[in-house]
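Derivation of every value follows stated rules applied to the coordinates shown; laboratory data play no part. The structure presented is a predicted model; accordingly, all values stated were derived computationally and were not measured. Every residue, glycine as well, gets a Cβ built from its backbone with ideal geometry; the counts of neighbours run over all protein chains shown.
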Amino acid sequence: MSVMSKRLAKSLPVLYPLRSVDTAMVRLTVFPRRRRRITIEHRPLRGVTPAMLLGWFTQLDGTMTYGSETVDRYLAWHPIDHIRWELAREAPSGGAAEGARFRIVEAFGARPEFRVDVVDRVEKLDVNGIRLVQRQAGVPIFQLEHTWSLGSDGTHYVSTMDIGARSPLMAPVNMMMWHRFSPAMARAWVKHNIEEVGQLEYLLPQLFSSGEAEPAQRAQPGDGTPHRKHREAEPVH
């Protein structure tokens, strides 16, 4: 049985409520040559700070207590859809920072037809947000940016996904991505993203109050644990 099949067969239990799509403001913009932008303004995350979010993204290779188990943080982040996260390449400064490459394997709605297995370059990671990018011939063809800021009602979190390139020369690539990351798959990603961001409201306060956040723990080898080998990226996320 493949790692994908085993992971879908034994997803973690859902310990915390999953946010519904109507808790966020979602906008879809379609530009010429089928370039798309999806923007999600999430309900503020109570009890979460920008520093916690930065710590989360720089220590995704760790583990945490989830119920009575110690599990990979990435799997706890979305206990149904997430399959594997790896630091495919360290940043020039070391670790998970700007210039690193993240391998991400997940299936939106736990549906095999909505599975992605990609390697994204981290082009920004600081206390204000993270930006993950894929390029072809040096041209950005995919970008996912999460930005956050502290407000009186919690941390405001916005996710923006850009699918496709601006250049007219990349129109065939945009067409390919339209079919590979279909409108139905985009809707499934929106639901997935709203759910996973909402989980941070429960996971991060627990993680940082327990002392597990630093230093990051390491999981034993098995399904979903980090490792160095990775497959070629697909041009979607």
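For the reader, a short list of remarks on this structure follows.
- Calculated FRET efficiency for the pair Met25/Ala137, C-beta based, R₀ 30 Å, to 0.05: 0.30
- As a rough guide to protection, the peptides 27-33, 98-104 ranked by mean Cβ packing within 10 Å, highest first, stand as 98-104, 27-33.
- Full-stretch length increase - Arg37, Asn128 - with 0.36 nm per residue and alpha-carbon distance subtracted: 30.7 nm
- Estimated Rh, segment 3-210: Kirkwood, alpha-carbon pairs, angstrom: 17.7 Å
- Axis of helix 183-210 versus longest Cα principal axis of the chain: the two differ by about 30°, to the nearest ten degrees.
- Taking the Cα centre of the chain as reference, the dipole from Cβ charges on Lys and Arg (+1) and Asp and Glu (-1) amounts to some 920 debye.
- Residues within the reach of a label modelled at Asp153 (point 7 angstrom out along Cα to beta-carbon, backbone nitrogen below 15 Å), restricted to segment 33-51, are 41-48.
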